[in-house]
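The block underneath contains the structure these notes are about, expressed in structure tokens.
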Amino acid sequence: MARGPKKHLKRLDAPKHWMLDKMGGVFAPRPTSGPHKLRECLPMMLVLRNRLKYALTGREVNAICMQRLIKVDHKVRTDKNYPTGFMDVIDVDKTDEHFRVIYDTKG
């Protein structure tokens, strides 16, 4: 039997509003436990890599987070899988940009 929380998430089992392609690999970034539920959040890795195009790979996202450049709701977050949810504000210090997480009809 498994002990502890699940640490992996298959790409096909990820929520559809993340809009991940089927052939882009086997796994998807699983959000860590936090203020938003698994099915109602978007991991910070997907925001920085897929939506904002600040990074090309997960390793680059990790480097950006570890430089403490990203704030979520005015608090520095170094977890690349931190769950950002509806109406969260994402601040990028270096470029002085501010984004708010809002869903459209696709998610």
Out of region 4-21, which residues are free of Cβ contacts under 8 Å to residues at least 12 places away in the same chain, in a loop (DSSP other than H, G, I, E, B) and either open to solvent by 100 Å² or more (accessible area, probe 1.4 Å) or among the small types (Gly, Ala, Ser) (or both)?
4
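Let's see how each residue does on (1) open to solvent by less than 60 Å² (accessible area, probe 1.4 Å); (2) hydrophobic (A, V, I, L, M, F, W, C); (3) part of a strand (DSSP E or B):
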site	(1), (2), (3)
65	yes, yes, no
68	no, no, no
78	yes, no, no
81	yes, no, no
91	yes, no, yes
95	no, no, no
98	no, no, yes
Of the conditions (1) open to solvent by 60 Å² or more (accessible area, probe 1.4 Å); (2) under 22 Å from residue 6 (Cα atoms); (3) of a type in the set (S, T, N, Q), residue 32 clears all except one; give me its number.
(1)
Conditions first: (1) in contact with a Leu (Cβ under 7 Å, 6 or more places away or on another chain); (2) at pLDDT 95 or above; (3) within 22 Å of residue 101 (Cα to Cα); (4) not small (Gly, Ala, Ser). Residue 18 passes all but one, so which condition is the exception?
(2)
Between 76, 72, which is without any contact (Cβ under 8 Å) to a residue 12 or more places away in the chain, hydrophobic (A, V, I, L, M, F, W, C) and touching a strand residue (DSSP E or B) at 6+ places or on another chain (Cβ under 9 Å)?
76
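Given the structure, is residue 103 aromatic (Phe, Trp, Tyr) and in contact with a Ser or Thr (Cβ under 8 Å, 6 or more places away or on another chain)?
No.
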Between residues in region 22-37 that are farther than 19 Å from residue 84 by Cβ and residues that are in a loop (DSSP other than H, G, I, E, B) and open to solvent by 90 Å² or more (accessible area, probe 1.4 Å), which pairs lie under 7 Å by C-beta distance while being six or more apart or on different chains?
27/8
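The values are calculated or read from the model by the stated rules, or taken from the named source; none is laboratory data. What you are looking at is a predicted structure, and each value in this text was computed from that prediction instead of being measured. Note: ideal-geometry Cβ built from the backbone for every residue, glycine included; neighbour counts use all protein chains shown. Only protein heavy atoms, including side chains, enter the accessible area calculation; ligands, DNA and RNA are left aside. Shrake-Rupley method; radii C 1.70, N 1.55, O 1.52, S 1.80 Å.
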